[in-house]
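Asks: Would you mind keeping the following structure in view while I ask a few things?
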Amino acid sequence: MDTAIAIFAGFILDLLFGDPYWMPHPIRAMGAGIGLLEKKLRRPGQSPQAQFCSGLLLVCIMVLLSALVPAALLFLACRIHPAAGIVLESFMCYQILATKCLKTESMKVCKALREGDVEKARTAVSMIVGRDTAVLSEEGIIKAAVETVAENTSDGSIAPLCFLLLGGPVAGFAYKAVNTMDSMLGYKNEKYLYFGRIPAKMDDVFNYIPARLTAWFMIVAAFLTGMDGENAWKIYLRDKRKHASPNSAQSEAVCAGALDVQLAGDAVYFGKVYKKDYIGDAIRKIEPEDILRAGKLMYMTTILMMVVFGGLLLWIY
């Protein structure tokens, strides 16, 4: 019951406050740790097999540390006083979730486009996507922002909630470690093809069920928010596999259908063009307001997930 209370408290705190920039954040610490381990483990001239093993070792170290450190801190807090344990657990749950932060960052892109400042919009969208943004047109900027909101509805909201509901902050931070490693190392280029393979595959496994839950809840959210729920269902069934990742197109397809726009297509990463299928139909031209609409879908999807599975958790307890 204490964990259930902490998850609800963390969920509300995230929706209200997001991630204040002045506050130290454990995900930044994870990123620093991953960067440090990469420097120690990935050496020039390593064979593909050695790079693969080094990547596996990095994953093991990061997942263990990311689970053991919060477990130890929670144990100590509960030994001091049960209330201290609940407060710390609530704060940890709050830091694991990223719904408000993603909405805030994506709205910076929307605001810049509303003001007609395309260069400012490129800078803003570069903070939330991994692709090269210098070459993006206004339409490309909007697509990139909408796609990342759709995809990260799973990575930043639904998947963390799933792991919190399964195992509290210990499981939640283990998931965030895998997700952070994938975002830093999971590229299919010469540098990370072997070293980042395990992080990328683990992220696919960890997100397999959450990505599909996200899509299903997002379809319901499309109906509830007055968007095109029928088209969301249609495009989901048709385009949910149109991505190199087994998970990314799940929520992107629903979002494209709900907004009646076309997403995806070719993108540039590290100066190289990667061919990608289109997702959705261009029933209408995409516009800056679609970033706001994608944010509404994300919020409603996350709330639905919390109501259904949070309520189930309370019923079990």
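Asks: Gain in length, Arg79 to Glu230, computed as 0.36 nm per residue apart minus the alpha-carbon separation, to one decimal in nm?
Replies: 49.1 nm
Asks: Hey, got the dipole for the range 88-232? About the Cα centre, +1 on K and R Cβ, -1 on D and E Cβ, debye to the nearest 20?
Replies: For the range 88-232, the charge dipole is close to 280 debye.
Asks: For the chain, what class follows from the C-alpha gyration tensor (a ≥ b ≥ c being the square roots of its eigenvalues): rounded when a/c is under 1.5, otherwise prolate if a/b is larger than b/c, else oblate?
Replies: oblate
Asks: Turning to a different aspect of this structure: In terms of Cα to Cα distance under 27 Å, which lysines are near enough to Lys275, apart from those fewer than 8 places away along the same chain?
Replies: Of all the lysines, those that pass the test against Lys275 - Cα under 27 Å, at least 8 places apart if same chain - are Lys120, Lys143, Lys188, Lys191, Lys201, Lys234, Lys240, Lys242, Lys285.
Asks: On to the next question. For a quick check: with amide H placed at 1.01 Å from N, whose amide H comes under 5 Å from Tyr278's, ignoring anything fewer than 5 positions away on the same chain?
Replies: For Tyr278, whose amide H was placed from the backbone, the distant partners under 5 Å are Gly265.
Asks: Which GluC sites (Glu not before Pro) in the range 50-141 sit in a loop by DSSP (not H, G, I, E or B) and have at most 15 other Cβ atoms within 10 Å of their own Cβ?
Replies: Glu115
Asks: Let me ask something additional. Would you compute, from DSSP H runs of 4+ residues alone, the mean residue ellipticity of the chain at 222 nm, taking -39500 (n - 2.57) per run and dividing by the full residue count, rounded to the nearest 500?
Replies: Mean residue ellipticity, 222 nm, calculated: -23500 deg cm²/dmol.
Asks: Given a 1.4 Å probe, how much area per residue of the range 14-143 is accessible, in Å²?
Replies: Dividing the accessible area of the range 14-143 by its residue count gives 54 Å².
Asks: Report, in order of residue number, the helices in the chain meeting two criteria: a C-alpha extent of 20 Å or more along the helix axis, and a mean Kyte-Doolittle hydropathy of at least -1.0; treat each whole DSSP H run as one helix.
Replies: 2-17, 26-41, 48-80, 82-96, 99-114, 138-152, 159-185, 197-224, 289-305
Asks: Would you mind calculating the gained length between Trp315 and Thr104 on full extension (0.36 nm times residue separation, minus the Cα-Cα distance), in nm to one decimal?
Replies: Length gained between Trp315 and Thr104: 72.6 nm.
Asks: Could you work out the relative contact order of the range 1-119? I mean the mean sequence separation of Cα pairs under 8 Å and 6+ apart, divided by the number of residues, in percent.
Replies: 51 percent
Asks: Put a dot 7 Å past each Cα toward the Cβ at Ile61 and Leu16; how far apart are the dots in nm?
Replies: 3.9 nm
Asks: Further question on the same structure: Taking the alpha-carbon centroid of each part, what is the distance from the range 61-138 to the range 6-20 in angstrom?
Replies: Value for the Cα centre distance between the two parts: 11 Å.
Asks: Same structure again: Return the loop-located chymotrypsin sites (Phe, Trp or Tyr not before Pro) in the range 213-309 (DSSP other than H, G, I, E, B) with at most 16 other Cβ atoms within 10 Å of their own Cβ; answer none if there are none.
Replies: Phe270
Asks: I'd like the carbon and sulfur percentage of the solvent accessible area for the range 150-263, probe radius 1.4 Å, heavy atoms only, ligands and nucleic acids excluded.
Replies: Whole-percent figure for carbon plus sulfur exposure: 59.
Asks: What full-extension length gain, to one decimal in nm, is calculated for Glu287 and Val69 as 0.36 nm per residue of separation minus the Cα-Cα distance?
Replies: This chain segment gains 74.1 nm when fully extended.
Asks: If I model a spin label as a point 7 Å beyond the Cα along the Cα-Cβ vector, how far apart are those points for Ala4 and His25 in nm?
Replies: 3.0 nm
Asks: Which whole-number percent gives the relative contact order of the chain, counting Cα pairs below 8 Å spaced six or more residues apart?
Replies: Computed value for the chain: 21 percent relative contact order.
Asks: Quote the relative contact order of the range 176-303 in percent (integer), defining contacts as alpha-carbon pairs under 8 Å separated by 6+ residues.
Replies: In percent, rounded to a whole number, it is 20.
The values are calculated or read from the model by the stated rules, or taken from the named source; none is laboratory data. Not measured: the values here are computed from a predicted model. As a convention, Cβ positions derive from the backbone with ideal geometry for all residues, glycine included, and neighbour counts pool all protein chains shown. Note: accessible area is taken over every heavy atom of the protein model, side chains too, but ligands, DNA and RNA are not part of it. Shrake-Rupley method; radii C 1.70, N 1.55, O 1.52, S 1.80 Å.
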